[in-house]
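Remarks on the structure that follows.
The values are calculated or read from the model by the stated rules, or taken from the named source; none is laboratory data. Every value quoted in this text rests on a predicted model; they were computed, and no experiment measured them. Quick reminder, even Gly has a Cβ in these numbers, built from the backbone with ideal geometry, and neighbours come from all protein chains shown. Quick note on the areas: whole protein, heavy atoms, side chains included, nothing else; ligands and nucleic acids left out. Shrake-Rupley method; radii C 1.70, N 1.55, O 1.52, S 1.80 Å.
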Amino acid sequence: MSRRPGFVLEVDKSTPPTLFWNGEGFTLETLPEGSRVIYAPEPMKAVEDPYRAIRHALLHPLGDRDPLPALLRPGMKLTICFDDVSLPLPPMEPPDIRQMVIETVLDMAAEAGVDDVVLVAALALHRRMTEEELRHALGDRVYDAFAPHGLLTQHDAEDPDNLIHLGQTDQGEDVEINKRAATSDLLVYVNINLVSMDGGHKSVATGLASYRSLRHHHNPQTMRHSKSFMDQPSSELHSSNWRMGRLIAESGVKIFQIETTLNNDTFPPNFQFLQKREWEWTLRDRAMFAASSTALAKTPPRLARQVFQSIKSPHALTSVQAGEVEAVHAETTSNVWAQQGVDVEGQTDILTMGLPYICPYNVNSIMNPILVACLGLGYFFNMYRGRPLVREGGVVIMRHPTRPEFHPGHHPSYIDFYEQVLTQTLDPVQMHKEFEESFATDPWYVHLYRTGHAYHGVHPFYMWYWCAHALAHVGRVVVVGGDPTAVRRLGFSPASSLDDALEIASDVVGPSPTLTHMHNPPIFMSDVH
């Protein structure tokens, strides 16, 4: 049986209540008649033999690149870089696709007699991965072969001895990246394309960059003019990365890009009801929802967080492409949209979304209020091509507990951003001018980033800038079920129920508004016509 495409349901009297994520939990809501609910396409068929598919891609590259074995020789310097813990979401069941790709690359390198090989986790300004996280991504065999000898490293954007400035683009953008990677005879980048925003020149130009480089595109002006992050031609973020990536190539850095796509089979069997359409729930699905909801209602948030963070996803490989960066990424993007694209006619007055427990920046951590804003307004809002789902001046309603809780080891500068910056201004431009540099250069934040597992001091600013396009586009943001003080600190309106939120929204969009709900995850991208 062929898989079903995405679906836009129009709610009527017979429609059952709709599932909303609510952080480390979920609930059912009855939507007004005439509302729309967007469901993701069903998972694509997985590649039957991932190792065979990977090897085929490495031997049959796209664009102006020779097969990988032809690029390998004794005495050369080879650096293999890979995406960090922020992808995929949730983390996939072992073996991770990065492990499978890197094992195949290493086998070819060994056959060619290459013995100067270093692995680099492409962190950008993200936190360093733990041993457990690295073992999960790479597998024990790769980890044990490289880590004890100092050959498994994590990119340090604050290490002046391992950064190299390659020049400036024609727009004056500094390009400063990992020195080991840039000075290697070959840089192999292993990418997971969870969404169409990932990959391409962004892999190296962002993942291996310094703050000196990143500040050119992680800023309010660039983010506000990225209409959407998921549509490269309309994204100023990508335009900047493409300029930088082309300069990197012109500087003589030889990159062999490997990009992979996964299907959206997101949850293990006990949670399969989360990716089904509610009217198709079986008796078992209803029982699992009822049992899970009841148990979670009695579970302390910290324990519920541990339960959800332990979930491993049955994501499976659907495609792998290798070769020249831009040729590879064009094929990859097409494959991502084939899995995730949903055609949607017209915009809506109100866009509702239930936010789950996880985003790229709280894996094995806590979803603090800044990350709640970023997940809803930076990611979910931007999951479109063409036009945003919600009209200009419309309302976004998000459901999430939005507790003022922070992981002190992972997000120390977020705490100060929440207490010191958001109490002074919500304007991305003003905070960029008045506060960003002090956070970015603070010696304590730099120390924690380099030696612990903390995100860089500037990172909470970037998460707020990520919301800039949505904040400029919508008329109001309402959070259902969130801590009122935390919600107001973000500049949003708190509501105790969806009905209350709709009442608040009516002050902005008027009576009898149109409403669209994103039934997400599983991830989908709206092609809004």
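What to note about this one:
- Any hit, the range 164-176, residues being among the acidic types (D, E), open to solvent by 40 Å² or more (accessible area, probe 1.4 Å) and part of a helix (DSSP H, G or I): no
- The number of residues in the range 31-60 that are of a type in the set (K, R), more than 17 Å from Q347 (Cα to Cα) and out of contact with any helix residue (DSSP H, G or I) (no Cβ under 8 Å at 6 or more places or on another chain) comes to 2.
- Helices (runs of 4 or more DSSP H) completely within the range 403-509 that count 2 or more residues being closer than 30 Å to T153 by Cα and polar (S, T, N, Q): 436-441
- Filter pass, H126 being within 19 Å of the chain's Cα centre (by Cα), open to solvent by 30 Å² or more (accessible area, probe 1.4 Å) and outside the structural domain of S413 (by TED's automatic domain parsing): yes
- Restricting attention to the range 31-82, the residues that are among the aromatic types (F, W, Y) and assigned to a helix (DSSP H, G or I) add up to 1.
- Within the range 140-163, tally of residues that are out of contact with any Asp or Glu (no Cβ under 7 Å at 6 or more places or on another chain) and either under 25 Å from K254 (Cβ atoms) or part of a loop (DSSP other than H, G, I, E, B) (or both): 15
- Hits in the range 510-529 (condition: in contact with a Gly (Cβ under 6 Å, 6 or more places away or on another chain) and either loosely packed, with under 15 Cβ neighbours inside 10 Å or assigned to a strand (DSSP E or B) (or both)): M525, D527, V528
- Just one of (1) of a type in the set (A, V, I, L, M); (2) open to solvent by 40 Å² or more (accessible area, probe 1.4 Å); (3) touching a Pro at 6+ places or on another chain (Cβ under 8 Å) fails for A338. It is (3).
- Check on R246, among the charged types (D, E, K, R), closer than 25 Å to N193 by Cα and at pLDDT 95 or above: yes
- V120 passes every criterion in (1) part of a loop (DSSP other than H, G, I, E, B); (2) within 23 Å of M76 (Cβ to Cβ); (3) touching a His at 6+ places or on another chain (Cβ under 6 Å) apart from (1).
- Residue within the range 183-201 that is buried (at least 24 other Cβ atoms within 10 Å of the Cβ) and closer than 25 Å to V446 by Cβ present: no
- For first residues located in the range 44-61 and basic (K, R), partners that are in a helix (DSSP H, G or I) and lie 6+ apart or on another chain with Cβ distances below 6 Å form the pairs R55/T104.
- Condition broken by S196, with the remaining ones in (1) part of a loop (DSSP other than H, G, I, E, B); (2) closer than 21 Å to K77 by Cβ; (3) hydroxyl-bearing (S, T, Y) satisfied: (2)
- Test set (1) within 14 Å of P460 (Cα to Cα); (2) open to solvent by 30 Å² or more (accessible area, probe 1.4 Å); (3) without any contact (Cβ under 8 Å) to a residue 60 or more places away in the chain; (4) of a type outside the set (F, W, Y) - R391 fails condition number: (1)
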